[in-house]
Amino acid sequence: MNIIFREKPLKLLWLEALLRRLREQDPEAGYFMEQFRRLDAGFAGEQRVDKEWDEIVCPNTFFVLHNLLLANTANHFHQLDTLFICKHFILVVEIKNINGKLDFDGTTYQCTRTKPDGTVEGFPNAITQIQRHIRFIKIISKNYSLPIEGAVIFSNPSAIIVNHPNTVPIFHVSGLQSHIQNLLKKYSKPILTDEQLTRFVQLIRAQHQPQKLLTRIDSSRFRHGVLCPKCNYKNQMFYYRGIWKCSVCRHNSIEIFAEALQDYQLLVNRTITNSQLRTFFRIESSDAANRLLRKFHFPSIGTTKNRVYHLPDDLTKYMKQFF
Ligand SMILES: [Zn+2]
């Protein structure tokens, strides 16, 4: 079994950082909150399904790749929630974490949800999404001739699937185990050797595009500095002799800097200089800022005076080793 773990979507990290810092009365606060709720629920649903993969019983090696972002020849993206690959077949999975009554109309291709209060709304059709992904996977896997299957999985137990065409299986997460077992029975003969399987997975992973943030908002709209978690991120903490101290509740911490610097990385820039650090985090002394930056051994370019530090991915985890 090989499971490539799911990372939190970058957009979700960005929204978390933004909502911690967004100034009160920002005209788009409600819009960002709604976006956050939607993405956070989606991520929670994906994690619920991920637990099921841990329990899959499969006699052979298999790979489960999460959150793949692949570009097709027209440079359009395919965002795949999960791709299950074994020597017998490929399963493309689309995960939906929504509740209410769901209706897929096979003629109009419309997908609607009826909420418990009776309101009806349209949703992107997961079946057409998965069919598009399958066509793409067929192209990139053509040298391996594995059969390709698709499935739409509902992670929310309160979703009721009313109507759906029989083109792509749709089921609740609890049905995942038996679905895989049925596919293993259907495709009982292995098509690839272990080496071919590994090579194919490497090929797919090599095509994965790292996530990019496409949204930026003006930095005057959010609070700068290291913010105090005990004060609900409303008050600033000040740097004194290597420790951050809250000006209001007196809470102090050294590690809080990692979270604040990650906010900077998400909201402002992936690189930082001594003077940018002093401005954003209100540190007066250039020497203190220098010591702070050097402590974490960030990769950097330039001479001492104009040195630019690159903030690595997964910043809080990276910085942990230096505290
Ligand atoms: Zn405080």
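The numbers here are math on the coordinates, done by the rules we state, and not lab data. All values derive from a computational prediction rather than experimental measurement. Here the Cβ positions follow ideal geometry from the backbone for every residue, glycine too, while neighbour counts run over all protein chains shown.
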Counting other Cβ atoms within 10 Å, keep those with at most 16, restrict to DSSP loop, and tell me which chymotrypsin sites (Phe, Trp or Tyr not before Pro) in segment 139-177 are left.
-> Tyr144
Rg in Å to one decimal, and Dmax rounded to a whole Å, for segment 34-139 via C-alpha atoms | 15.8, 47
Scoring only Lys, Arg, Asp and Glu (+1, +1, -1, -1) among other residues with Cβ under 15 Å from the Cβ of Asp314 yields 0
For segment 224-320, go through all pairs of different Cα atoms, get the mean of 1/r, take its inverse, and jot down that Kirkwood value in Å.
-> 13.6 Å
Quick one: if you stick a label point 7 Å off each Cα along the C-beta vector at Ile139 and Leu203, how many nm between them?
-> 1.5 nm
Excluding residues fewer than 8 places away in the same chain, name every one of the aspartates and glutamates whose C-alpha is closer than 16 Å to that of Lys295.
-> Glu255, Glu259, Asp287
Taking the radius of gyration and the Kirkwood hydrodynamic radius from Cα positions alone, what is the Rg/Rh ratio for the chain, to two decimal places?
-> 1.04
Per the helix-only model, the chain has a calculated mean residue ellipticity at 222 nm (DSSP H runs of ≥4, -39500 (n - 2.57) each, divided over all residues, rounded to the nearest 500) of -11000 deg cm²/dmol
Lys pairs in segment 1-144 with Cα under 16 Å (8 or more apart in sequence, or on separate chains) total 6
Say R0 is 35 Å: what FRET efficiency, to the nearest 0.05, do Ala29 and Arg132 get from their beta-carbon distance?
-> 0.55
Between the DSSP loop rule and a limit of at most 13 other Cβ atoms within 10 Å, which GluC sites (Glu not before Pro) in segment 226-323 are left?
-> Glu255, Glu284
Which lysines have a Cα lying under 17 Å from the Cα of Lys230, excluding residues fewer than 8 positions away in the same chain?
-> Lys245
How far is it, in nm, from the label point at Ser219 to the one at Tyr109 when both lie 7 Å from their Cα along the line to the Cβ?
-> 4.5 nm
Could you give the dipole magnitude of the chain about its Cα centre, charging the beta-carbon of Lys and Arg +1 and that of Asp and Glu -1, in debye to the nearest 20?
-> 1020 debye
Any idea what the dipole of segment 224-320 comes to, in debye rounded to 20, about its Cα centre with Lys/Arg Cβ at +1 and Asp/Glu Cβ at -1?
-> 280 debye
Distance between Cα centroids, segment 249-277 to segment 1-64: provide it in whole Å.
-> 23 Å
